[in-house]
């Protein structure tokens, strides 16, 4: 299991997940003019953020590969299950 | 390679930037570049969807209209011999409903070097395929007098599957309720409790039949094929977690068509990507032309809650805030009654409920509201 987790980080289906700092978090929410709970959600025990030590209230930045735009940025708010 | 200023990198999508870098001549003057980039940004901004545009409606029509031409055949051969694959409309329904049990789970297992070049591929395929006791038995019958199950082993089947006597005795020694004895080709499985009813004995036999001997659980069929320059193994049955852990598998490229499994093993974002791929694969295989953005919108809706929710009354529709909107989809009486019982409020903030009440809808030109800024005293 321990080995598997490090391997799946490079899976073709899996985009890069980054945890935002408090400052970046504020900037994102201000840019979209929304509250944290209005973001799309990601569960705190999601396999992709197991190593990011994310707590409810955090925001995860996801760098997706897009067939139309090349690369897009998406945000998800961490929630309890 | 032209260098593009930082302010434009955020204003334009990566693909446009990459295309510009490729197409623009190297010795372009600063002024010209600036002009081209400004033009690009202006065009890009004008191409964006307007606020209030009913994108969901456009997606629904764009997927629905070509969908009428999709084959209604449940099963057909997807180019690979001896394997049934659900495609066409039934598969689309299955994916968008977010079903947990799909009708034909499949995996594409990519192999690590040097196995991807075809080395030992048959052996690996056999190692992945799940072998149960019934697969290596030529005969299984119940001996009522001794309350035992007598199994005759099929030596050639055992050899083909790479099963030895040790495998069988080890697998059966794990079970507490039975004592197994192997002599030659005859395997005798006896229940430890003496007086079993014939019914219990029959149940025991069914359990013994499916005792797991080797391979990956859930993989019922394997088929090595060559895709592009690589040998891969296509399987019927799916078990992403266990297969990714195998040493001879390339865990970066191996995928399954079971989106719930992807969600569990790789997370919701990977599941989103897998869902888009699966839907697009079906649409493409039917020779239809649907822009991938429509599919992305639908799948984003399905995965917005952090888990896969189908487009059903139990899935995304149940998340709607408005009672009337939920009631307008399916089972209206249930929703209206429940709302009445708990005293639910409807803010009439969305489209359907306003249509029901014959009011202007908050979409398109109906979206902007008049705001007055109070000034002075």
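The values are calculated or read from the model by the stated rules, or taken from the named source; none is laboratory data. Bear in mind that the values here come from a model prediction, so they are computed numbers and not experimental data. Every residue, glycine as well, gets a Cβ built from its backbone with ideal geometry; the counts of neighbours run over all protein chains shown.
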Residues of segment B:231-248 being out of contact with any helix residue (DSSP H, G or I) (no Cβ under 8 Å at 6 or more places or on another chain) and farther than 14 Å from residue B:130 by Cβ, which ones? B:234, B:247
Residue satisfying condition, being touching a helix residue (DSSP H, G or I) at 6+ places or on another chain (Cβ under 6 Å) and modelled with pLDDT under 90, within set B:320, B:226: B:320
Just need a number here: residues in segment A:37-68 that are closer than 17 Å to residue B:270 by Cα, without any contact (Cβ under 8 Å) to a residue 12 or more places away in the chain and out of contact with any strand residue (DSSP E or B) (no Cβ under 9 Å at 6 or more places or on another chain). 1
Answer yes or no as to whether residue B:319 is within 14 Å of chain A (Cβ to nearest Cβ) and buried (at least 17 other Cβ atoms within 10 Å of the Cβ). no
Is it true that residue B:12 is in contact (Cβ under 8 Å) with a residue 12 or more places away in the chain, closer than 23 Å to residue A:66 by Cβ and either more than 14 Å from chain A (Cβ to nearest Cβ) or in contact with a helix residue (DSSP H, G or I) (Cβ under 8 Å, 6 or more places away or on another chain) (or both)? yes
Where the second residue is in a helix (DSSP H, G or I) and the first is farther than 15 Å from residue B:317 by Cβ and lies in segment B:331-344, which pairs have Cβ atoms under 6 Å and are six or more apart or on separate chains? B:344/B:323
Of all residues being in a helix (DSSP H, G or I), more than 11 Å from chain B (Cβ to nearest Cβ) and touching a residue at least 12 places away in the same chain (Cβ under 8 Å) in segment A:8-27, which is surrounded by the most Cβ atoms within 10 Å (Cβ to Cβ)? Just the residue, please. A:25
Could you check segment B:120-197 for helices (runs of 4 or more DSSP H) lying wholly inside it with 3 or more residues that are free of Cβ contacts under 8 Å to residues at least 24 places away in the same chain and surrounded by fewer than 19 Cβ atoms within 10 Å (Cβ to Cβ)? B:155-161, B:165-173
Number of the exception - residue B:336 against (1) within 27 Å of residue A:37 (Cβ to Cβ); (2) more than 21 Å from the chain's Cα centre (by Cα); (3) surrounded by 14 or more Cβ atoms within 10 Å (Cβ to Cβ): (1)
Filter segment B:291-309 for residues that are part of a loop (DSSP other than H, G, I, E, B), at the interface with another protein chain (Cβ under 10 Å from one of its Cβ atoms) and in contact with a helix residue (DSSP H, G or I) (Cβ under 7 Å, 6 or more places away or on another chain) and give the result. B:291, B:305, B:306, B:307
What number of residues within segment A:28-64 are part of a strand (DSSP E or B) and either in contact with a helix residue (DSSP H, G or I) (Cβ under 8 Å, 6 or more places away or on another chain) or away from chain B (no Cβ under 11 Å) (or both)? 7
